[in-house]
Amino acid sequence: MARGAIVPHGSFFNRISDGRWVVAVTRLQIQARTPYADGAAFGAAGAYERIDGIVHFAVDPTRAGNAVIVDLDQAPRDPEGRVHFSADVCILQPIDPAHGNRRLLYDVLNRGNKLIPRFFNRARPQPVPSERIEPGDGFLLRRGWTLVWCGWQWDVVRGGALLGLEAPRAMAPGGLPLQGQIMVQFQPNDHPRDRLLADRTHQPYPAADVAQPDAELAVRDWLHGDRTVISRERWRFARDEDGRLAPDDTRVWLDGGFEPGKVYEVVYRTRACPVVGTGLLATRDIVSFSRYSSNEAGNPCAGRIDHAFGFGASQSGRFLRQFLHLGLNLDEAGQQVFDGVHVHIAGGRRGQFNQRFGQPSDASTHGLGHLFPFTDDDQTDPLTGQTDGLLRLQRALGGVPKIVATNTSAEYWRGDASLLHTDLAGAVDVEPPAEVRTYLFAGTQHGGGALPLTTVNPLDGVRATHPFNVVDYAPLTRAALDNLDRWVTAGEEPPPNMIPRLADGTAAPARQIIATFPTIAGMMAPASDQPLNMRRLDFGPDAERGVGRYPPVVGEHYASLVSAVDGDGNEVAGLRLPDVAVPLATYLGWNTRSSEIGGSGQVLGMLGSTLPFPATDDERRRTGDARPSIAARYRDREDYLARVRRSADELAAQRYILAEDIAVVVQSAAERYDAFAAVPAQTVS
């Protein structure tokens, strides 16, 4: 049979190349197919169906597109030389194919959770993860999108609302589990006696031997502080059972307990080695399967899709940066996977998504995924001489998608987002390439905010000095996706980049910006001796092949810039929603840890602040606040909302928000006026 010929086979892709099967998705095992949202109709798209199941994969580690996955060649293979793995999958699509928009939106799960209902459909976050997918206001559904989720993270505890991956395991010669060194880092908010060897409540990497004498526990006062090794006699791989120690290879115990606010690092040898990067292949292959394969191959989306888009936020946005850096936007048959990618709140980082003993949820900056490069186009590090760019390999292979990168102020203040568009010294602006648009959402925090004001995060117990940022930036993300869609499908260029720039004076180091802040009652600025800039890290000679040496040697920092601010302390660069352009408060992309959880003065890496203006001149004089009062700025509520509407109309005319969301923006502003203007704002603790 001729090379590349199509053959009758139920797997995907049904081709022969180099004399071997090219098979990625071997089976989509549908476990449930039900009406979505009780059969509700969503505009012209009509009713939707929900499909849940398990997708099975088989890949050849020797093929070029797969060879970039660390330790894939160490996993067990079938007689045809393929490595098998599987993942949970969920699909929402219009029941009637004629009512769909022929576009697929793949939502990269965040720690097993679905994101797009919250970011685009304005569905309210659920206090407890639920299998139910809330439709919210139906934004994506009314437009006829097909929505796809697939598990990619090996350590997610699967079940219920959480979708995960059953990854293959890398084995040492002789069939024994591959062992090696790992570092687990954590910063407690309370005073635990013991701690799981994992980020959050994910599956941990077990210690190879609970008695290993060369294991190390160290502590720092802050993320980049001096490292102090704790005596081995003071800690154990164990759990505390009402004061009695029980050996446990998945937990670490410290005599006297861990101090809140301190940063701890456990370096030890583990006996488990999942092939973490197969999650990247699962993403590539489920999207390609959904887009290109046939009904006969078991594809429920067959014949429905002309264009595919990817969305990822925070961890999953960093995942998409890793995906593109590895050149994975072509499937095994050379077909493009994503036409457009929306990378949200990822900053300049990637993550532990393709390394030995990778911890995909770990966001600490002492990881292999936070190494150079940062910009899309090539740069040269003047200290190391290394030249690279995020899209270098993808450009060489072909298949570079259109990309929209959106970030909040928090990603700038945590020290990495400005690396997307400056040189490494922070001396020169670097313009994003033609196929990329980059936007700062001014005055916002990592996750969109909402009233009421509160200083406590119920998800993890974090307590902040200031009330969290309440700006809801959903209108900006919805418009960004809409612009990306039009760019891909109609060739319509999106609006210009909106970012802090050195050339016009809207970008500067954080310490310099803090010095320009007005006097604000109750504000605690970040500790000036604890900059969060990304650092050059040396993980040893095998780092390039995904095997690290821990702890890394920490070198010089990269430059970090943030937006300049106006006389109120609000940011002047980026996309300014009416909250910021017609303000009632100072909205910050940073907050500091409360003394109640230790580490007072340290920046909370993802949380911002809301510092309401004094409601009246009397309040202003009493508190000594330098900012004009709300009463002095606006005649009344009607005057304020008229200004908000004019600001929103201008953003809509520039296509930074959608016309249909003007009413949403005005309503949000009205709620803030009612909360802040009548009396001094109250904070819920």
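Among residues of region 97-117 that are more than 17 Å from residue 340 (Cβ to Cβ), those with a beta-carbon under 6 Å from a residue that is open to solvent by 40 Å² or more (accessible area, probe 1.4 Å) at least six positions away or on a different chain give the pairs 112/162; 117/134; 117/136.
If the condition is being crowded, with 21+ Cβ neighbours inside 10 Å, outside any loop (DSSP other than H, G, I, E, B) and of a type in the set (A, V, I, L, M), then region 267-280 contributes only 280.
Give region 184-215 a look and list any residue that's among the hydrophobic types (A, V, I, L, M, F, W, C), out of contact with any Pro (no Cβ under 6 Å at 6 or more places or on another chain) and open to solvent by less than 20 Å² (accessible area, probe 1.4 Å), or say none. Before you say what the answer is, go through the steps one by one.
Kept after step one, since they are among the hydrophobic types (A, V, I, L, M, F, W, C), are these residues of region 184-215: 184, 186, 196-198, 207-208, 210-211, 215.
If we keep only those that are out of contact with any Pro (no Cβ under 6 Å at 6 or more places or on another chain) too, we end up with 184, 186, 207-208, 211, 215.
Within region 184-215, 184, 186, 207, 215 qualify.
Yes/no matrix, rows are residues, columns are (1) among the aromatic types (Phe, Trp, Tyr); (2) at pLDDT 95 or above; (3) crowded, with 22+ Cβ neighbours inside 10 Å; (4) closer than 20 Å to residue 375 by Cβ:
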| residue | (1), (2), (3), (4) |
| --- | --- |
| 411 | no, yes, yes, yes |
| 424 | no, yes, yes, yes |
| 436 | no, yes, yes, yes |
| 443 | no, yes, yes, no |
| 454 | no, yes, no, no |
| 457 | no, no, no, no |
| 460 | no, no, no, no |
| 468 | yes, yes, yes, no |
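Residue by residue, here is whether (1) within 25 Å of the chain's Cα centre (by Cα); (2) small (Gly, Ala, Ser) holds:
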| residue | (1), (2) |
| --- | --- |
| 43 | no, yes |
| 65 | yes, yes |
| 73 | no, no |
| 81 | no, yes |
| 92 | yes, no |
| 99 | no, no |
| 115 | yes, no |
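Taking region 335-370 as the range and being at pLDDT below 95 and touching a Leu at 6+ places or on another chain (Cβ under 9 Å) as the test, the residues that pass are 364, 365, 366, 367, 368, 370.
Table: residues versus (1) free of Cβ contacts under 8 Å to residues at least 40 places away in the same chain; (2) of a type in the set (Ser, Thr, Tyr).
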{"position": "162", "(1), (2)": "no, no"}
{"position": "166", "(1), (2)": "no, no"}
{"position": "172", "(1), (2)": "no, no"}
{"position": "205", "(1), (2)": "no, yes"}
{"position": "208", "(1), (2)": "no, no"}
{"position": "213", "(1), (2)": "yes, no"}
{"position": "221", "(1), (2)": "no, no"}
{"position": "229", "(1), (2)": "yes, no"}
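Sort through 144, 136 and tell me the only one that's small (Gly, Ala, Ser), surrounded by 15 or more Cβ atoms within 10 Å (Cβ to Cβ), within 23 Å of the chain's Cα centre (by Cα) and assigned to a loop (DSSP other than H, G, I, E, B). Before the answer, list the steps.
Working: 144 fails: within 23 Å of the chain's Cα centre (by Cα).
So the residue among 144, 136 that is small (Gly, Ala, Ser), surrounded by 15 or more Cβ atoms within 10 Å (Cβ to Cβ), within 23 Å of the chain's Cα centre (by Cα) and assigned to a loop (DSSP other than H, G, I, E, B) is 136.
In this structure, does residue 477 turn out to be among the hydroxyl-bearing types (Ser, Thr, Tyr) and farther than 29 Å from residue 187 by Cβ? Working first, answer last.
Numbers: among the hydroxyl-bearing types (Ser, Thr, Tyr): yes; farther than 29 Å from residue 187 by Cβ: no.
When the stated conditions are applied, residue 477 does not pass them.
Of all residues in region 54-81, those being in contact with a Pro (Cβ under 9 Å, 6 or more places away or on another chain) and not in a loop (DSSP other than H, G, I, E, B) number 4. Residue count for region 231-260, restricted to those that are open to solvent by less than 50 Å² (accessible area, probe 1.4 Å), touching a Phe, Trp or Tyr at 6+ places or on another chain (Cβ under 7 Å) and without any contact (Cβ under 8 Å) to a residue 24 or more places away in the chain: 1. Look at residue 130 and say whether it is in a loop (DSSP other than H, G, I, E, B) and either open to solvent by less than 40 Å² (accessible area, probe 1.4 Å) or not charged (D, E, K, R) (or both). Judged against the criteria, residue 130 is a match.
Quick check on region 336-391: of everything there that is of a type in the set (Ser, Thr, Tyr) and assigned to a loop (DSSP other than H, G, I, E, B), which residue is farthest from the chain's Cα centre (by Cα)? Checked region 336-391; the qualifying residue farthest from the chain's Cα centre (by Cα) is 384.
One residue stands out among those in region 371-381 that are surrounded by 22 or more Cβ atoms within 10 Å (Cβ to Cβ) and not aromatic (Phe, Trp, Tyr): the one that is nearest to residue 539 (Cα to Cα), which is 373. Figure legend. Inter-residue proximity from region 58-82: first residues under 18 Å from residue 166 (Cβ atoms) and open to solvent by 10 Å² or more (accessible area, probe 1.4 Å), second residues among the aromatic types (Phe, Trp, Tyr) and not in a helix (DSSP H, G or I), beta-carbon distance below 8 Å, spacing 6+ or different chains. Indicated pairs: 82/21.
Scanning region 382-409 for residues that are hydroxyl-bearing (Ser, Thr, Tyr) and surrounded by 17 or more Cβ atoms within 10 Å (Cβ to Cβ) yields 406, 408, 409.
Which pairs do you get when a residue that is on the phi > 0 side of the Ramachandran plot, found in region 261-284, comes within reach of a residue that is open to solvent by less than 10 Å² (accessible area, probe 1.4 Å) and in a loop (DSSP other than H, G, I, E, B), reach meaning Cβ atoms under 8 angstrom, with the pair 6+ apart or on two chains? Qualifying pairs under 8 Å: 261/188.
Put simply, of 77, 122, 158 the only residue that is at pLDDT 95 or above and of a type outside the set (A, V, I, L, M) is 77. So, in region 147-167, of the ones that are in a loop (DSSP other than H, G, I, E, B) and small (Gly, Ala, Ser), which residue ends up most open to solvent (accessible area, probe 1.4 Å)? So, considering only residues that are in a loop (DSSP other than H, G, I, E, B) and small (Gly, Ala, Ser), the one most open to solvent (accessible area, probe 1.4 Å) is 160.
The set of residues in region 605-649 being within 19 Å of residue 567 (Cβ to Cβ), within 33 Å of the chain's Cα centre (by Cα) and either open to solvent by 70 Å² or more (accessible area, probe 1.4 Å) or polar (S, T, N, Q) (or both) consists of 609, 610, 647.
Taking the criterion of being out of contact with any strand residue (DSSP E or B) (no Cβ under 9 Å at 6 or more places or on another chain) and either aliphatic (A, V, I, L, M) or crowded, with 19+ Cβ neighbours inside 10 Å (or both), the only residue of region 483-501 that qualifies is 490.
Restricting attention to region 323-331, does a residue exist that is among the polar types (S, T, N, Q), open to solvent by 10 Å² or more (accessible area, probe 1.4 Å) and either outside any loop (DSSP other than H, G, I, E, B) or over 30 Å from residue 179 (Cβ atoms) (or both)? Let's see the steps before the verdict.
Initially, region 323-331 is screened for residues among the polar types (S, T, N, Q), giving 329.
Filter again for open to solvent by 10 Å² or more (accessible area, probe 1.4 Å), leaving none.
Checked against the condition, which is being among the polar types (S, T, N, Q), open to solvent by 10 Å² or more (accessible area, probe 1.4 Å) and either outside any loop (DSSP other than H, G, I, E, B) or over 30 Å from residue 179 (Cβ atoms) (or both), region 323-331 yields no hits at all.
Looking only at residues of region 168-197 that are part of a loop (DSSP other than H, G, I, E, B) and polar (S, T, N, Q), we find that the one that is nearest to the chain's Cα centre (by Cα) is 187.
Candidates are the residues of region 294-313 that are touching a residue at least 24 places away in the same chain (Cβ under 8 Å) and open to solvent by 20 Å² or more (accessible area, probe 1.4 Å); the one that is nearest to residue 338 (Cα to Cα) is 307.
The values are calculated or read from the model by the stated rules, or taken from the named source; none is laboratory data. Treat the numbers as computed from the prediction; the structure is a model and nothing was measured. So basically every Cβ, Gly included, is an ideal-geometry build from the backbone, and we count neighbours across all protein chains shown. In case anyone asks, the SASA skips ligands and DNA or RNA and just uses the protein heavy atoms, side chains included. Shrake-Rupley method; radii C 1.70, N 1.55, O 1.52, S 1.80 Å.
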